[in-house]
Amino acid sequence: MTNKLYYEDVYQSTFVATVTKSENDYIVLSETAFYPTGGGQPCDTGTINGKKVSNVEEVNGEILHYINDPVPVGSKVEGVIDWERRFDHMQQHAGQHILTAAFVELYGYETISFHLGSEKVTIDLNVENISSTELEKVEQLANQIILEQRIIEAKWVSREEVGQYPLRKTLSVEENIRLVIIPEFDYNGCGGTHPQNTGEVQAITILRTERQKKQTRVEFVCGHRVRKQIHDKTTVVSKLTSLLHAPQNELETASLRLIDRNKTLEKEIKVLQNTVLQFEAQDLLKEAIKVAHHRVVQATFADKGLQELQTIARYVLAIDPEVNVLFVSEINGKLQFVCQREESAINMKKLAQSILPVIHGRGGGNEKQAQGGGEAKTITSDALLTMFLHQLK
């Protein structure tokens with residue numbers, strides 16, 4: 001069993017230990033300050049004898065330190081914890097305890113799960129909806145607890161002693177019970193790392209909420225991450241005020257005005273694009289050819305998608321419903337085609353199916369219109385169109 005120094009002194013960032021087990025990609029030490037992944041909290045990282053520790057996990061009482069070049073059994077090694085990462089996890093995990101307790105204290109909302117990510121932290125609450133007013137009051141209470149710099153006590157207790165404490169939730173273990181306590185506020189079983197008092201959490205900010213089936217996911221940050229959020233958002237706001245030529249308090253109005261203008265322009269562009277396609281349809285109709293006893297409007301295009309091909313075909317048939325339309329386009333290294341008619345007797349679905357194997361493609365449609373696409377590796381768009389015309393003969 002590895003001696004867990006992080007429970008003796010959470011602020012210890014260096015230590016010396018003996019290697020008791022050495023495998024291809026990990027070592028086990030007589031004692032360690034590296035916290036292993038567990039309880040929703042990621043592991044510590046750092047170095048052992050200058051070699052990077054990429055992962056730490058506990059398996060059957062052994063704490064495995066994953067390094068690229070394991071050290072022989074019996075060797076004395078020096079471990080150095082990435083303190084910035086450790087303290088960040090301490091802030092976030094303690095902040096989670098405070099926020100969770102605040103939700104229970106004010107509204108009775110219980111935390112179902114907790115995840116400590118690299119940038120943000122989330123808790124899932126057993127409630128479908130939370131109002132903005134509730135979130136604001138919970139955040140206020142949480143930050144008040146931080147401001148009061150209450151002691152955060154971690155202690156080991158027996159199963160018999162557990163009954164002395166008003167635990168927030170039922171324990172998941174029967175032995176080696178460790179409680180993390182914020183007196184007169186939160187009592188909870190937890191194996192994570194936490195600072196000595198709530199003041200070291202510095203601040204809590206709720207970022208957003210998201211409905212998760214019948215639960216609500218609350219996303220938040222604590223400590224140094226709050227400052228980073230403020231810095232990042234201030235940078236974005238500064239750029240937006242410059243781009244939109246508007247002060248911060250008018251950014252929303254300026255943005256909405258820009259969005260409305262873009263919607264208007266998009267509609268105008270759509271109208272102009274359709275007008276261009278109508279003229280294109282008229283020009284193509286003038287160049288209609290005769291194949292056997294069929295009149296055909298045919299063409300190849302570059303970089304036109306199926307929707308554009310179908311639109312041009314529709315405009316052609318609106319002018320002359322007796323023609324047959326055969327269009328092929330090469331776009332993004334793929335071939336796409338449209339076969340369409342209105343009053344002609346040609347079965348467009350069968351025509352398309354006769355071509356699809358050539359391009360290893362897929363398609364669909366009915367007797368009047370069909371479309372599909374496939375590979376452009378073995379045949380050009382012009383050659384594919386020629387095959388369509390040949391099939392008509």
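Structure values in brief
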item: Spin-label model distance (nm) - VAL80 vs ARG178, 7 Å beyond Cα toward Cβ; result: 2.5 nm
item: Potential extension, GLU134-LEU251 segment - 0.36 nm per residue separation minus Cα distance; result: 39.5 nm
item: Over 22 Å (Cα to Cα) - which of LYS286/LYS377; LYS51/LYS76; LYS137/LYS213; LYS51/LYS228 fall in this group; result: LYS286/LYS377; LYS137/LYS213; LYS51/LYS228
item: Positive-pole candidate from VAL173, ILE331, ASN249, dipole of the chain, charges at beta carbon; result: ILE331
item: Label point 7 Å beyond Cα of LEU244 along Cβ direction - residues of segment 261-275 with amide nitrogen under 13 Å; result: 261
item: Nitroxide proxy distance, nm - points 7 Å out along Cα→Cβ at GLU148 and THR386; result: 8.6 nm
item: Nearest-0.05 FRET efficiency for ASN262 and ALA288, computed from C-beta distance (R0 30 Å); result: 0.15
item: C-alpha long axis of helix 306-319 to longest principal axis of the chain, angle in °; result: 30 degrees
item: Using alpha-carbon coordinates, inclination of helix 132-147 to the longest axis of the chain, degrees; result: 30 degrees
item: Spin-label pair THR47/SER354, simplified geometry with 7 Å Cα→Cβ offset, distance in nm; result: 7.3 nm
item: Degrees, to the nearest 10: 251-286 long Cα axis against longest axis of the chain; result: 30 degrees
item: FRET efficiency estimate (nearest 0.05) - Cβ-Cβ, GLU343 to PHE279, R0 35 angstrom; result: 0.90
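Read-outs throughout are calculated quantities, based only on the coordinates presented, and are distinct from any laboratory measurement. Everything quoted here is computed from the prediction, not taken from an experiment. For neighbour counting, all protein chains shown are included, and Cβ atoms are generated from backbone atoms with ideal geometry for every residue, glycine included.
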